[in-house]
1. May I ask for the angle, rounded to the nearest 10°, between helix 40-50 and the longest principal axis of the chain, with both axes built from Cα atoms and the value confined to 0 to 90°?
2. Might you report the magnitude of the Cβ-based charge dipole of segment 6-99 about its Cα centre, with Lys and Arg at +1 and Asp and Glu at -1, to the nearest 20 debye?
3. Using a simple spin-label model with points 7 Å from Cα along the Cα→Cβ vector, what separation in nm is obtained for residue 14 and residue 99?
4. Cut-off 10 angstrom, C-alpha nodes, Gaussian network model of the chain. Which of 86, 66, 53 fluctuates the most?
5. Among 57, 94, 14, determine the one that fluctuates most according to a GNM of the chain built with springs between C-alpha atoms less than 10 Å apart.
6. Pick the calculated Cα extents along the principal axes in Å for this structure from (i) 47, 37, 20; (ii) 42, 30, 22; (iii) 41, 25, 23?
7. Step through the residues of segment 54-59 one at a time and calculate ³J(HN,Hα) from phi using the Karplus curve (6.51 cos²θ - 1.76 cosθ + 1.60, θ = phi - 60°), rounding each to whole Hz and writing x for Gly and Pro.
8. Could you work out how far helix 83-99 tilts from the main Cα principal axis of the chain, as a 0 to 90 degree angle to the nearest 10?
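Please treat every number below as a calculation from the coordinates, not as lab data. Because the structure is a prediction, the values reported are computed rather than measured. With ideal geometry, Cβ positions are generated from the backbone for all residues, glycine too; neighbour counts draw on all protein chains shown.
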Amino acid sequence: MLKLDALKFKLATLISIFRYIYLQYVHDRVYSTSNGYINGYVLVALLLYLLGVPLYLILAAVGARVVYRKSVGNEIVNTGNHPYNVIMFFIMILIVVHLTPTRP
């Protein structure tokens, strides 16, 4: 059975809180300044890379975000801090952090 590690849960919570703050205050400026090159997919991939997540999990997380955004309606997708988006991002980060092998 998969054991829930409190440290990994706290890390996923902290990342989700920072994502919420980023979307609320900074996202529009960064997106328009970079002409759309720096978007959510790039930032998620960069964040996971910096956390030491293997490439196959980064690709799975970005792919899951694409599937999620295609499967829900535009009124949810285009509202950055919609509760569904916040919850799904947290679950994605929690799963990825738990699947990442720990280094000694």
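1. So the inclination is approximately 30 degrees.
2. So the magnitude is around 140 debye.
3. 2.3
4. 66
5. 14
6. Among (i) 47, 37, 20; (ii) 42, 30, 22; (iii) 41, 25, 23, the one derived from this structure is (iii).
7. Taking θ as phi minus 60°, the curve returns x, 4, 5, 6, 5, 5 Hz for segment 54-59.
8. Between the helix axis and the principal axis of the chain, the angle is about 30 degrees.
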